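> So that we are looking at the same thing, I have put the structure below in C-alpha cells.
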Amino acid sequence: MNTPSPPPLRPERSLGLRANLGQFSLLVVVNAFVGAMVGMERAILPAVAEHDFQLVARAAVLSFIVVFGVSKALANYLAGRLSDAIGRRRLLLVGWAIAAPVPFALMWAPSWRWVLAANVLLGISQGLTWSTTVIMKIDLAGPARRGLAMGLNEFAGYGAVALSALATGYIASAYGLRPEPFALGVLYVAAGLGLSLLVRDTRGHARKEAADHQRGAEAVSQRALFVRASFTDPALSSISQAGLVNNLNDGMAWGLFPLFYAAAQLSLEQIAWLAAIYPAVWGVGQLFTGALSDRFGRRWFIVGGMWTQAAGIAVIAASSSFAAFAVGAALLGVGTAMVYPTLLAAIGDVAHASWRASAVGVYRLWRDLGYAIGAVLAGVVADAVGVAAAIWLVAAITAASGLAVAVRMSETMTPAVRRGSAR
C-alpha cells in the first residue's frame, strides 16, 4: 500500500531588502513608470486648458487636479483593503489596465470633459498602482529598513515625474501641446504593465511579519481603523493631516506654478525645467532622508520638512526671476523629500502588520484628498484676490501643519521599534 506523499512545503519567506533584492528592485522600476504617467501632465496641462480649451478661470483650469485627487484618494483607500482581500499583484495589474486609455484621451480629447474623464482614470490607476508598490515594499523590507525602502520607492516615482515633466515640456515646445507629448504615456503603460507581470505577490511576507510579532496584535474593524488613523491616534492622525497638507501644496504647485511662471514671462522650456526641479530634488533627496529617519527618528524630519516646504513656497511667491523660482522649487523639493518617505515609514512603526495595509490606505486617502482641496482652495483664492495671494496662503497652511506635528506627535521610532529592527 502506497503512502501518499506529504504536500510540498511552502518556501520560507524572509524579510529584508537583501533577501528580497530582486523583487524589490523590480518594484522600484515599476513605480518609476507609475510616476512617469502623472509627470507627463505637470508642465503642460494648465497650458492645454488655456490654449486648446480657452479656460480662463483658475478654478476651472485646476479642475483636472480636483478630479484626479478625489479619484486617487478613494482608490488609495480601496487599495489598502483590496490588497489584503485579492492580493497585491492582481491589484497592481488592474491599476495598469485602467491607465491604458489615459494617454489616448489626453492626445485626442475634443473637449475639457474628456480631459477630466482621463484624469479620473489616471487618479484611480495611480491610487491602485502606487499604493500597491508602497505596500509591497513595506512587506518585503520588514521593520529594519522601512525608511530606506520608502525612500527608494518615492525616489523612483518622483524622479520619473521630473524626467517625464521635462521631456513633455521639451516635446511640447518643439511640436506643440498635443498630441505628441502625451504619446510617451503609451510607452509608460506598456512598460509598466509588462514589468508588473513579473512581480510576485507579497501577502505571505506580511503574514510572516504578523506571525513573528503577535504581541501587540489586535482585531481592528475598518470603521475603527478609519477613525483611529484620521482623528484619535496622535501619531497616525498627525501623519494623515501632514500628508493632506503636503499634497495640498503639491496640488497648488501643479496647477498654479506654471501659470505664475508664465505671467513672469518665462518660456515653456524654462517652465518645464522648474516643473522638473521640484520633483527631481524631491526624488533624489529621498534616497537619503528615508534612511536617515531610520537612524535619527521620524518626528523632526516631518516637522522640519513641512517648514522647509513653507519656506520654498514663500520664496516662489516673492520672486519674479527664473533663478529665484529655481531656488524656491529646490527648497520645496528638499522639504517634501524630508516628509514623504518618513510619513510612510512612521505608519509602519505604529501599525501592526495585520492591519498595516489598511492604515496605509486611510493615510493615502487623506493625503491625496489634499490634491483636490489644494486645487479648489488655490483656484478660488486666485480668482478672488490673485495667484500670488493663493501661493502665500498655502505657504502659511504648510507652516501651520508642521507646528501641529511638533505639538501633537510623539516620536514613532521608539526603542521598541529599534529592537524589532535589529532582529
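> Quick one: in the stretch 376-386, which of the residues that are in contact (Cβ under 8 Å) with a residue 24 or more places away in the chain and buried (at least 21 other Cβ atoms within 10 Å of the Cβ) is nearest to the chain's Cα centre (by Cα)? Give the derivation first.
Narrowing the stretch 376-386 to residues in contact (Cβ under 8 Å) with a residue 24 or more places away in the chain: 376-380, 382-383.
After this cut, where a residue has to be buried (at least 21 other Cβ atoms within 10 Å of the Cβ) as well, the list is 378-379, 382.
Values: A378: 20, G379: 22, A382: 25 Å.
The selected residue is A378.
> Still on this structure, please answer the following. Being closer than 14 Å to V186 by Cα and either surrounded by 18 or more Cβ atoms within 10 Å (Cβ to Cβ) or in contact with a helix residue (DSSP H, G or I) (Cβ under 7 Å, 6 or more places away or on another chain) (or both) is the filter here, so list the residues in the stretch 104-122 that pass it. Please lay out each step first, then the result.
As a first pass, look at the stretch 104-122 and keep what is closer than 14 Å to V186 by Cα: 104-108, 118, 122.
Result: A105, L106, M107, A118, L122.
> For I316, are the conditions met, namely being of a type outside the set (S, T, Y) and within 24 Å of S63 (Cβ to Cβ)? Before you say what the answer is, go through the steps one by one.
Numbers: of a type outside the set (S, T, Y): yes; within 24 Å of S63 (Cβ to Cβ): yes.
Against the criterion (of a type outside the set (S, T, Y) and within 24 Å of S63 (Cβ to Cβ)), I316 qualifies.
> Please go through (1) over 22 Å from L184 (Cα atoms); (2) within 19 Å of the chain's Cα centre (by Cα); (3) modelled with pLDDT of 85 or more for L128 and return the number of the only condition it doesn't satisfy.
With respect to (1) over 22 Å from L184 (Cα atoms); (2) within 19 Å of the chain's Cα centre (by Cα); (3) modelled with pLDDT of 85 or more, L128 is out only on (1).
> With respect to the numbered conditions (1) touching a residue at least 24 places away in the same chain (Cβ under 8 Å); (2) more than 19 Å from Q23 (Cβ to Cβ), which one is the sole condition not fulfilled by A105?
The number of the failed condition is (1).
> Which number in (1) of a type in the set (D, E, K, R); (2) at pLDDT 90 or above; (3) over 26 Å from A156 (Cβ atoms) marks the one condition that E50 misses?
Unmet condition: (2).
> Let me ask something additional. Which of (1) over 24 Å from S71 (Cα atoms); (2) aliphatic (A, V, I, L, M); (3) surrounded by fewer than 21 Cβ atoms within 10 Å (Cβ to Cβ); (4) in contact with a Leu (Cβ under 9 Å, 6 or more places away or on another chain) is the odd one out, the single condition I302 does not satisfy?
Failed condition: (3).
> Next question. In the stretch 333-379, which residues are modelled with pLDDT of 90 or more and in contact with a Pro (Cβ under 8 Å, 6 or more places away or on another chain)?
Selection gives G333 alone.
> I need the full set of residues from the stretch 235-264 which are surrounded by fewer than 19 Cβ atoms within 10 Å (Cβ to Cβ) and modelled with pLDDT of 95 or more, in order please.
Once the filter is applied, which keeps residues that are surrounded by fewer than 19 Cβ atoms within 10 Å (Cβ to Cβ) and modelled with pLDDT of 95 or more, the stretch 235-264 yields only A264.
> Given the criteria in contact (Cβ under 8 Å) with a residue 60 or more places away in the chain and not aliphatic (A, V, I, L, M), does G304 qualify? Show your work before the answer.
Working: in contact (Cβ under 8 Å) with a residue 60 or more places away in the chain: yes; not aliphatic (A, V, I, L, M): yes.
Yes; evaluated as a whole, the condition is true for this residue.
> Let me ask something else about it. Working only within the stretch 135-174, note down all residues that are surrounded by fewer than 24 Cβ atoms within 10 Å (Cβ to Cβ), among the small types (G, A, S) and not in a helix (DSSP H, G or I).
A144
> Condition check: surrounded by fewer than 22 Cβ atoms within 10 Å (Cβ to Cβ), under 18 Å from V30 (Cβ atoms) and either touching a residue at least 12 places away in the same chain (Cβ under 8 Å) or hydroxyl-bearing (S, T, Y) (or both). Does L193 satisfy that?
Details: surrounded by fewer than 22 Cβ atoms within 10 Å (Cβ to Cβ): yes; under 18 Å from V30 (Cβ atoms): yes; either touching a residue at least 12 places away in the same chain (Cβ under 8 Å) or hydroxyl-bearing (S, T, Y) (or both): yes.
Spelling it out, L193 is indeed surrounded by fewer than 22 Cβ atoms within 10 Å (Cβ to Cβ), under 18 Å from V30 (Cβ atoms) and either touching a residue at least 12 places away in the same chain (Cβ under 8 Å) or hydroxyl-bearing (S, T, Y) (or both).
> If you don't mind, there's one more thing I want to ask. Can you tell me how many residues within the stretch 102-153 are within 21 Å of P279 (Cα to Cα) and touching a His at 6+ places or on another chain (Cβ under 7 Å)?
Residues meeting the conditions: 0.
> For V61, only one of the following conditions fails: (1) aliphatic (A, V, I, L, M); (2) surrounded by fewer than 24 Cβ atoms within 10 Å (Cβ to Cβ); (3) under 19 Å from A253 (Cα atoms). What is its number?
The one condition V61 does not meet is (2).
> Go through the stretch 329-348 and give me each residue that's buried (at least 24 other Cβ atoms within 10 Å of the Cβ), under 19 Å from W392 (Cα atoms) and touching a Gly at 6+ places or on another chain (Cβ under 6 Å).
L332, G335
> Hey, among the residues in the stretch 333-375 that are polar (S, T, N, Q) and more than 24 Å from G297 (Cβ to Cβ), which one's nearest to the chain's Cα centre (by Cα)? Walk me through how you get there before you give the answer.
Initially, the stretch 333-375 is screened for residues polar (S, T, N, Q), giving 336, 342, 354, 358.
Still in the running and more than 24 Å from G297 (Cβ to Cβ): 354, 358.
Working: S354: 23, S358: 16 Å.
Ranking the qualifying residues of the stretch 333-375, first place goes to S358.
> Which residue out of V220, V227 is over 21 Å from the mean Cα position of the chain (by Cα), within 17 Å of G361 (Cβ to Cβ), modelled with pLDDT under 80 and not hydroxyl-bearing (S, T, Y)?
Details: V227 fails: modelled with pLDDT under 80.
None of the other options fit; the residue is V220.
The values are calculated or read from the model by the stated rules, or taken from the named source; none is laboratory data. Because the structure is predicted, anything quoted here is derived from the model rather than measured. Because the Cβ atoms are built from the backbone with ideal geometry, glycine has one as well, and the counts that use them run over all protein chains shown.
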